[in-house]
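Here the structure comes first, spelled out in structure tokens, and everything after it is commentary.
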Amino acid sequence: MSDAIQTSMPRIGDVAPNFKAMTTHGELDFHEYKKDSWAVLFSHPADFTPVCTTEFMGFAERADEFAKMNVKLIGLSIDSIHAHVAWIQNIHEKAKTKIPFPVIADLDMSVAKLYGMLHSVSSTATVRAVFIIDPKNIVRLILYYPMNVGRNIDEVIRAIQALQTADKNGVACPANWKPGDKVIVPPPKTQKELEERLQGKYDEVVDFYLVKKSL
């Protein structure tokens with residue numbers, strides 16, 4: 001890999017690049033680790049920083065919810081494995097929170113470069129990137145936060161729920177959708193489909209192209 005910083009990143013719909021890395025759970029092959037699960041790969045600027053600590057606690061406290069959705073979590077920063085282990089132990093001691101997911105020690109920045117995680121004003125700090133990756137290793141959603149703004153764990157969970165609902169039912173999810181809300185029926189692509197749409201019965205019809213139903 002070139003020494004130049006890679007500012008591009010995998011796009012939605014791309015295969016998530018595979019990698020091998022040392023983590024707090026030992027050496028890990030990313031695709032082998034996630035197998036047929038969904039995954040949330042997220043980076044943070046540095047260990048022992050206040051915003052990152054709240055995020056790690058937030059992900060850890062919701063770990064069971066992610067597991068029920070068949071989602072595996074994996075964190076990353078450009079710190080050593082020793083720093084990671086010490087930080088995780090500190091969180092456990094001071095905040096009474098165990099970190100159940102692996103954290104990548106990306107000292108050579110190889111994974112950060114592979115995923116375009118390096119901050120534009122620093123060659124040695126990763127931004128708060130979130131990659132949601134499906135069971136087929138396809139990147140489905142990307143969130144980027146600046147170094148001084150923590151992630152919204154509720155939104156990460158909601159986004160995964162929406163993606164899984166859309167995949168399972170062949171629908172789309174409207175703005176602010178939550179589980180139990182109506183979903184959008186895909187718009188017709190042919191005249192026949194349009195005629196069937198006009199004759200069909202739905203829970204909410206704004207116009208032929210915007211129709212909602214309950215699941």
Based on other C-beta atoms within 10 Å, arrange 12, 104, 157 from fewest to most. 12, 157, 104
For the chain, give me the percentage of DSSP beta bridges that are antiparallel, rounded to the nearest 5 percent. 70 percent
Which whole-number percent gives the relative contact order of the range 90-215, counting Cα pairs below 8 Å spaced six or more residues apart? 12 percent
At a Förster radius of 41 Å, what calculated FRET efficiency corresponds to the Cβ-Cβ distance of residue 64 and residue 196, to the nearest 0.05? 0.45
From the helices alone, meaning DSSP H stretches of at least four residues, give me the mean residue ellipticity at 222 nm for the chain, per-run term -39500 (n - 2.57), in deg cm²/dmol to the nearest 500. -9500 deg cm²/dmol
Tell me, what is a quarter of the convex hull surface for the C-alpha atoms of the range 170-213, in nm² with one decimal? 3.2 nm²
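Using only the Cα atoms of the chain, what semi-axes does the equivalent ellipsoid have when each is the square root of 5 times a gyration tensor eigenvalue? Give whole Å, largest first.
Sorted largest first and rounded, they come to 37, 19, 15 Å.
Can you put 182, 168 in order of Cβ neighbours within 10 angstrom, beginning with the fewest?
By the 10 Å Cβ count, ascending: 168, 182.
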Rounded, prolate or oblate (a/c below 1.5 giving rounded, otherwise prolate when a/b exceeds b/c) for the range 5-116 by Cα gyration tensor: oblate
With the cut-off at 26 Å, tell me which of the pairs 189/212; 35/213; 192/213; 34/98; 72/189 have Cα atoms farther apart than that. 35/213; 72/189
Cross-link candidates for residue 94: which aspartates and glutamates have Cα within less than 16 Å, leaving aside residues fewer than 8 places away along the same chain? 47, 55, 61
So, in Å, what gap is there between the alpha-carbon centers of the range 48-103 and the range 168-214? 39 Å
Those aspartates and glutamates that a straight Cα-Cα span of less than 17 Å connects to residue 182, excepting residues fewer than 8 apart in one chain: 167, 203, 204, 207
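Coordinate-derived values only; no laboratory data. Values in this document were obtained by computation on a predicted structure and should not be read as measured data. Cβ: placed from backbone, ideal geometry, glycine included. Neighbour counts: every protein chain shown.
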